[in-house]
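Asks: One structure coming up, written as structure tokens, with questions to follow.
The values are calculated or read from the model by the stated rules, or taken from the named source; none is laboratory data. Note that this is a predicted model, so its numbers are computed, not measured. Here the Cβ is made from the backbone with ideal geometry for all residues, glycine too, and neighbour counts use every protein chain on show. Heads up: the accessible areas ignore ligands, DNA and RNA and are worked out on the full protein's heavy atoms, side chains in. Shrake-Rupley method; radii C 1.70, N 1.55, O 1.52, S 1.80 Å.
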Amino acid sequence: MKNNNPAYGFSERLPEAFPSQIVIDVTECCNLACAHCLHAEFVKHPKYAARHMSTAIHDKLVEESARDGKGQVRYLRYTAMGEPLLHPEIFSFLIKAKRDSGTVVTLTTNGTLLSVDAVEHLLDTGVDIVDVSIDAFSPEAYKAVRRGGDRERTYKNTMAFLAARNRRQSGTKIVTTFIEQPLNQGEADDFRQFWLDQGADDVIIRRLHSQAGGKKDVVAQLENAISRLSRRPCLYPWERLSVGSGGLIGFCPANWSYLADFADFADISIKDAWQGAFMQKLRAQHLENCFENNPLCRDCPDWAQTRWPHEGRSYADMVADMTAASRQQIPNEV
């Protein structure tokens with residue numbers, strides 16, 4: 001059934017000319033195998049190649065953001081399929097993005113690689129927001145959720161990062177995040193209070209996603225929860241594009257099966273991909289709830305976990321609030 005709600009579409013925060021958010025997936029590699037993540041299965045996919053994004057792809061992305069996305073793109077987000085700090089050029093990438101993109105730059109990390117040197121290099125880049133994904137308060141929950149990680153080291157790294165930021169009087173905002181799931185049930189309040197007491201700028205409690213239908217146990221949970229709801233469009237086709245480590249453009253960041261890729265960044269610009277026929281058809285599929293030849297969206301229950309601007313505060317709102325002062329310095333912002 002077609003959804004005629006005018007709230008599902010482009011708006012001031014969701015510009016039609018260029019994506020408001022670009023997910024920059026700089027590496028396919030990760031050093032953890034988290035319970036809520038599909039990376040352990042991802043590495044078995046025949047297309048997986050432990051890729052790192054090239055400098056050429058990255059520079060093209062930054063330059064297009066400055067040129068075509070001026071006044072439209074709200075932030076570049078280094079996150080997605082791997083751990084960004086494993087990329088050998090991540091600090092130079094962040095420096096380039098901060099210097100030349102004309103927009104806000106954020107980084108998501110699992111915190112395990114925040115050594116003393118890494119913290120200093122990261123603060124040197126001037127990155128606007130660093131999101132440390134930890135997802136557990138107790139040692140037992142951390143071991144169960146963040147498989148392969150060390151809770152004590154990650155907590156110490158993050159606290160040292162906060163201390164270094166304060167010592168240097170850096171403008172970088174530091175937030176910690178927690179994905180609610182059965183393995184950490186009941187810990188969200190303690191997690192939030194602990195990190196606020198440590199001086200984190202915010203603590204984000206995230207909804208559990210099924211990774212576009214890949215986590216079958218989560219799919220069952222979500223399908224039970226949304227069985228009485230009418231399907232509405234997912235936010236992502238109106239909010240973001242993802243550029244993968246190999247240079248493919250995707251419409252969904254949960255691209256573990258490579259089914260979201262629809263264009264090669266070597267052959268098309270972000271602007272043209274965003275405004276082109278594929279994305280227009282995808283948006284129509286979501287509005288009409290008709291997913292012909294699109295099994296990724298058809299079988300994904302995560303549409304209910306995305307939050308449209310009229311449905312409450314989101315990660316994008318946090319970014320906007322934290323970086324309002326710096327964004328006022330960007331010329332010709334609209």
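Asks: What number do you get for segment 165-210 when its Cα radius of gyration is normalised by 2.2 N^0.38 Å, N = residues? Numbers along the way, then the final one.
Replies: On the way: Rg = 12.6 Å, N = 46, 2.2 N^0.38 = 9.4 Å.
For segment 165-210, the normalised Cα radius of gyration is 1.34.
Asks: Distances longer than 24 Å among the Cα atoms of segment 1-101: what percent of all pairs is that? Can you show the working numbers first?
Replies: Values: 1982 of 5050 pairs.
Value for segment 1-101: 39 percent of Cα pairs lie more than 24 Å apart.
Asks: Antiparallel DSSP bridges in the chain: what percent, to the nearest 5?
Replies: Details: 6 of 32 bridges.
Just about 20 percent of them are antiparallel.
Asks: Something else: Grab the DSSP H runs of the chain that are 4 residues or longer, score each as -39,500 (n - 2.57), total them, divide by all residues and round the 222 nm result to the nearest 500 deg cm²/dmol.
Replies: On the way: 14 runs with 122 residues, N = 334.
One gets -10000 deg cm²/dmol as the mean residue ellipticity at 222 nm.
Asks: Here is a follow-up. What number comes out for accessible area per residue over segment 207-312 if the probe is 1.4 Å? Units Å², please.
Replies: Values: 4670 Å² over 106 residues.
Result: 44 Å² of accessible area for each residue.
Asks: In debye, nearest 20, what is the charge dipole magnitude of the chain about its Cα centre with +1 on Lys and Arg Cβ and -1 on Asp and Glu Cβ, if you could check? Display every interim value, and only then the final one.
Replies: Working: 39 positive and 43 negative charges, 53 e Å.
In total the dipole reaches around 260 debye.
Asks: What value does segment 241-330 have for Rg/Rh, both radii from Cα atoms and Rh as Kirkwood defines it?
Replies: 1.02
Asks: Let me know the shape class of the chain, please: from the alpha-carbon gyration tensor, a ≥ b ≥ c as square roots of the eigenvalues, rounded when a/c is under 1.5, otherwise prolate if a/b is greater than b/c, or oblate. List each step's numbers first, then the result.
Replies: Details: a/c = 1.44, a/b = 1.15, b/c = 1.26.
Rounded.
Asks: Turning to a different aspect of this structure: Please compute the per residue accessible area over segment 1-78 with all protein chains in place, 1.4 Å probe, rounded to a whole number of Å². Walk me through the numbers on the way to the answer.
Replies: On the way: 3440 Å² over 78 residues.
Per-residue accessible area for segment 1-78 comes out at 44 Å².
Asks: Viscosity 0.890 mPa s, temperature 25 °C: what is the translational diffusion coefficient of segment 181-334 from Stokes-Einstein with a Kirkwood Rh over Cα pairs, rounded to a whole number of µm²/s? Please list the in-between numbers first.
Replies: Values: Rh = 18.0 Å.
This corresponds to a translational diffusion coefficient of 137 µm²/s.
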